[in-house]
1. Residues being free of Cβ contacts under 8 Å to residues at least 60 places away in the same chain and not in a strand (DSSP E or B): count how many of those fall in the range 336-387.
2. Does any residue of the range 359-366 turn out to be open to solvent by less than 80 Å² (accessible area, probe 1.4 Å), under 25 Å from ARG26 (Cα atoms) and away from the ligand (no atom under 16 Å from the Cβ)?
3. Might you check whether a residue that is touching a strand residue (DSSP E or B) at 6+ places or on another chain (Cβ under 8 Å), in contact (Cβ under 8 Å) with a residue 40 or more places away in the chain and assigned to a loop (DSSP other than H, G, I, E, B) occurs anywhere in the range 412-419?
4. Going by the structure shown, is SER319 in contact with a Gly (Cβ under 6 Å, 6 or more places away or on another chain) and outside any loop (DSSP other than H, G, I, E, B)?
5. What's the number of the condition PHE237 fails, among (1) more than 14 Å from the ligand (Cβ to nearest atom); (2) open to solvent by less than 20 Å² (accessible area, probe 1.4 Å); (3) in a loop (DSSP other than H, G, I, E, B)?
6. Among the residues of the range 62-69, is there at least one that is in contact with a strand residue (DSSP E or B) (Cβ under 9 Å, 6 or more places away or on another chain), in a strand (DSSP E or B) and of a type outside the set (A, V, I, L, M)?
7. Look through TYR62, TYR92, TYR54, TYR73 and report the one residue that is under 27 Å from CYS276 (Cα atoms) and within 19 Å of the chain's Cα centre (by Cα).
Amino acid sequence: MQENLSVNQEGHLCVGGADTTTLASRYGTPLYVMDEGRIRQNCRRLKQSIEHFYENGGMVLYASKAFSCKEIYRIVKEEGLGVDVVSGGELYTALAAGFPAEHIYFHGNNKTPAELAMALENHVGHIVADNLYELETLSSLAASSNTVMPVLLRIKPGIDAHTHDFIRTGQIDSKFGFALETGEAEEAFKKALSLPGIQLTGIHCHIGSQIFDIEPFEHAAQVMLQFAQDMYRRSGFMIQELNLGGGFGICYLPSDDPTALEKYMERVAEVVKRFCEDKAIPIPHICIEPGRSIVGDAGVTLYTVGTVKQIPGIRTYVSVDGGMTDNPRYILYGSDYEIVCANKADQTKDSIVTVAGRCCESGDLLQENTPLQQTAPGDILAVLCTGAYNYSMASNYNRVPRPAVVMVKDGVDRLIVRRESYDDLLRNDI
Ligand code: LLP
């Protein structure tokens, strides 16, 4: 078990020093629990890895699609990180939380003119431009409001990262960014240099998510720098900023063996410095954009067990009061999770069950054939490592209200997102 989880004398699972069964009775279930200590520790490890291995300067941008609500922007601001937002909604939330606009990077493959205007009005630090239409729209909006927007170009480096197809983004057949192979990236580079209202500062790539190996990241850095050098030769303009995206894999199961967070920067910094020295080009400022590796292992979701249905010779379904509405990752990607019976955490997992959700959908499962303690109605189940892409991907399918989010720090809990009520569900109905 990871360091921020423990089992107390009553045999209950604790997160960040708080008894999960107490949290379940205090706030109800389903419940997302986030451990502030773990989030801050992850932020610091990543930030220090840049300071330690890349003396040329860099910044960690938290990819807030992983988990977005006002409190997380306050925490990462205190930790001295920037943020990546990918929609007007994430931008609005960050600004509402008092996050400094100059440290916001605005992403997206199809930002609307209204979102671009919102970014300009609020003096967002950088826009990561995805396509020529966006560059032109941004240029005319910026020029008409007499502003100049710092811009990075999102490049597809053509790297095939070994992860789920849906979360691979660096290859040529991707909806994101400018392709190198076709000359599109070069065209965009030249266009960005010539358009009014746009100040080209650098280039960006993101090769995918939940990646365990470092080689694809090293390879991506090399490809990006080669492009930067080619453009320098051809246009005379050298990028100041190289944003290498996120995607660092985390441990969902005890058998997962991700590389230590620090290793990424250690190896990539080496590649970047060596390349720049060899080619005698200026060393750029580096940004990385981790999402999952900041919040993923800080989260646990708690559920109450309802029916336990044994189908002899087939399997046992343990049904809980949440499911695909609060965690769609199993139904989408077949993602692995470890599940623990929170009120029997000191007991051996001597049964194999399928944990099912409550939606009217056969695929609404949280995990199939997973080891679990003997469970009965009323038990509390904890799904571990749900801090990333769970709350942020939750839905109201079947008109199920979204759960509350509780933050725990050194054993003390506080509510950071209220549970949706039935009235909330009707809020926009006419
Ligand atoms: N930067 C960009 C441009 C991205 O598109 C992403 C993730 C990140 C950074 C952060 O990646 P991370 O460090 O969190 O891996 N819903 C999927 C993950 C989609 C990731 C989308 N982009 C899942 O649940 O696995």
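1. Residues meeting the conditions: 13.
2. Yes.
3. At the first step, the residues of the range 412-419 found to be touching a strand residue (DSSP E or B) at 6+ places or on another chain (Cβ under 8 Å) are 412-419.
Still in the running and in contact (Cβ under 8 Å) with a residue 40 or more places away in the chain: 412-413, 415-417, 419.
Retained after the next criterion (residues that are assigned to a loop (DSSP other than H, G, I, E, B)): 419.
Looking for residues that are touching a strand residue (DSSP E or B) at 6+ places or on another chain (Cβ under 8 Å), in contact (Cβ under 8 Å) with a residue 40 or more places away in the chain and assigned to a loop (DSSP other than H, G, I, E, B), one finds at least one in the range 412-419, hence yes.
4. Yes.
5. The one condition PHE237 does not meet is (2).
6. Initially, the range 62-69 is screened for residues in contact with a strand residue (DSSP E or B) (Cβ under 9 Å, 6 or more places away or on another chain), giving 62-65, 67-69.
Filter once more, keeping what is in a strand (DSSP E or B): 62-63.
This time we only want the ones that are of a type outside the set (A, V, I, L, M), so: 62.
The answer is yes; a qualifying residue exists.
7. Working: TYR92 fails: under 27 Å from CYS276 (Cα atoms); TYR54 fails: within 19 Å of the chain's Cα centre (by Cα); TYR73 fails: under 27 Å from CYS276 (Cα atoms).
So the residue among TYR62, TYR92, TYR54, TYR73 that is under 27 Å from CYS276 (Cα atoms) and within 19 Å of the chain's Cα centre (by Cα) is TYR62.
Per-residue answers, yes or no, for (1) surrounded by fewer than 24 Cβ atoms within 10 Å (Cβ to Cβ); (2) within 16 Å of the ligand (Cβ to nearest atom); (3) among the basic types (Lys, Arg):
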| position | (1), (2), (3) |
| --- | --- |
| MET265 | no, yes, no |
| ALA269 | yes, no, no |
| ARG274 | yes, no, yes |
| GLY291 | no, yes, no |
| ALA298 | no, yes, no |
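The values are calculated or read from the model by the stated rules, or taken from the named source; none is laboratory data. For clarity, every value in this text was computed on a predicted model and none was experimentally measured. Glycine gets a Cβ as well: all are built from the backbone with ideal geometry, and neighbour counts include every protein chain shown. The area values use the complete protein model at the heavy-atom level, side chains included, leaving out ligands, DNA and RNA. Shrake-Rupley method; radii C 1.70, N 1.55, O 1.52, S 1.80 Å.
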